[in-house]
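What follows is calculated from the coordinates using simple rules that are stated; it is not laboratory data. All values reported here derive from a predicted model rather than from experimental measurement. Every residue, glycine as well, gets a Cβ built from its backbone with ideal geometry; the counts of neighbours run over all protein chains shown.
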Amino acid sequence: MRFLEVSGKPARFVHFYPAVVVVIGVSGAGRDNFMPAVWHGGLSFDPPLFGVGVSPKRFSYELLREAAAFSVSFHPFEQAALIQRLGSVSGRDLDKVSAFGLEVVRGRALEVPLLGGFYAAYELEKGSELQTGDHTLFVGRLRGLWEEEEAFAAGALDPARAASLLYYGRYRYGRPEPEVLDLEER
Ligand SMILES: Cc1cc2nc3c(=O)[nH]c(=O)nc-3n(C[C@H](O)[C@H](O)[C@H](O)COP(=O)(O)O)c2cc1C
């Protein structure tokens, strides 16, 4: 075990991983664009709010600034290679949908694109934007929810039915164990 005092940027800032990867979908500039993100999370239950942290360097950031809505989708481990590819190129340089032959699902509650192949997804109405250091937190209000019913039959995700895509940092991915420790008091 070692201790490091930190004044500026640390050599590594990966200790809060593994984290579930989401894909942000947003339309603008005449195209649908998708980027993976691990800096995200639930922020409020009522109203249901979910936030994503996006760097101003991303094409998605430009689109999110202008958009009224965006999507966030949750994909299985099996799609790791595709998701890594989506995070390696910018929609500024190529249309990822046609370049990668992506399946796009249209939002039902909002005008948003969703990357096909998810086990769950959110259609989010854009709310506040908060600049936090070198990323901006875009907060979305849940207006549409998609879920693979069998995967959530227990009331929460069953990892035996859908293996979330986990990110460890440095482009390393994994999946959770299928076993669940259910500690609900009966
Ligand atoms: C697994 C993974 C997670 C990422 N998480 C984030 C994130 O949370 N926020 C962010 O701004 N960029 C994140 N990125 C980087 C963007 O996805 C990447 O720069 C992408 O090419 C941006 O695409 P765009 O320019 O079309 O928006 C991540 C990349 C990968 C591969």
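Things worth noting here:
- Taking the listed residues Glu78, Glu103, the one that is charged (D, E, K, R), touching a residue at least 40 places away in the same chain (Cβ under 8 Å) and under 26 Å from Gly174 (Cα atoms) is Glu78, with no other qualifying.
- Selected residue (criterion: surrounded by the fewest Cβ atoms within 10 Å (Cβ to Cβ)) from residues of region 24-77 that are among the polar types (S, T, N, Q) and assigned to a strand (DSSP E or B): Ser44
- Residue count for region 136-160, restricted to those that are over 15 Å from the mean Cα position of the chain (by Cα) and in contact (Cβ under 8 Å) with a residue 40 or more places away in the chain: 1
- Search result, residues across region 81-95 that are assigned to a helix (DSSP H, G or I) and without any contact (Cβ under 8 Å) to a residue 60 or more places away in the chain: Ala81, Leu82, Arg85
- The residues in region 98-113 that are in a loop (DSSP other than H, G, I, E, B) and either of a type in the set (Asp, Glu) or closer than 12 Å to Val26 by Cα (or both) can be counted, and the count is 5.
- Any hit, region 157-179, residues being touching a Gly at 6+ places or on another chain (Cβ under 8 Å) and charged (D, E, K, R): no
- Any chance Glu129 is farther than 19 Å from Leu165 by Cβ and either part of a helix (DSSP H, G or I) or within 14 Å of the ligand (Cβ to nearest atom) (or both): yes
- Qualifying residue in region 144-159 (condition: within 16 Å of the ligand (Cβ to nearest atom), touching a strand residue (DSSP E or B) at 6+ places or on another chain (Cβ under 7 Å) and under 18 Å from Val23 (Cα atoms)): no
- Phe138 being in contact with a helix residue (DSSP H, G or I) (Cβ under 8 Å, 6 or more places away or on another chain), under 16 Å from Met35 (Cβ atoms) and aromatic (Phe, Trp, Tyr): yes
- All positions within region 142-186 that are surrounded by 13 or more Cβ atoms within 10 Å (Cβ to Cβ) and of a type in the set (Lys, Arg): Arg143, Arg161, Arg175
- The residue that is nearest to the ligand (Cβ to nearest atom), counting only those in region 30-42 that are without any contact (Cβ under 8 Å) to a residue 60 or more places away in the chain and more than 18 Å from Glu78 (Cα to Cα), is His40.
- Filtering Phe45, Phe16, Phe59 for residues that are among the aromatic types (Phe, Trp, Tyr), free of Cβ contacts under 8 Å to residues at least 60 places away in the same chain and more than 14 Å from the ligand (Cβ to nearest atom) leaves a single hit, Phe45.
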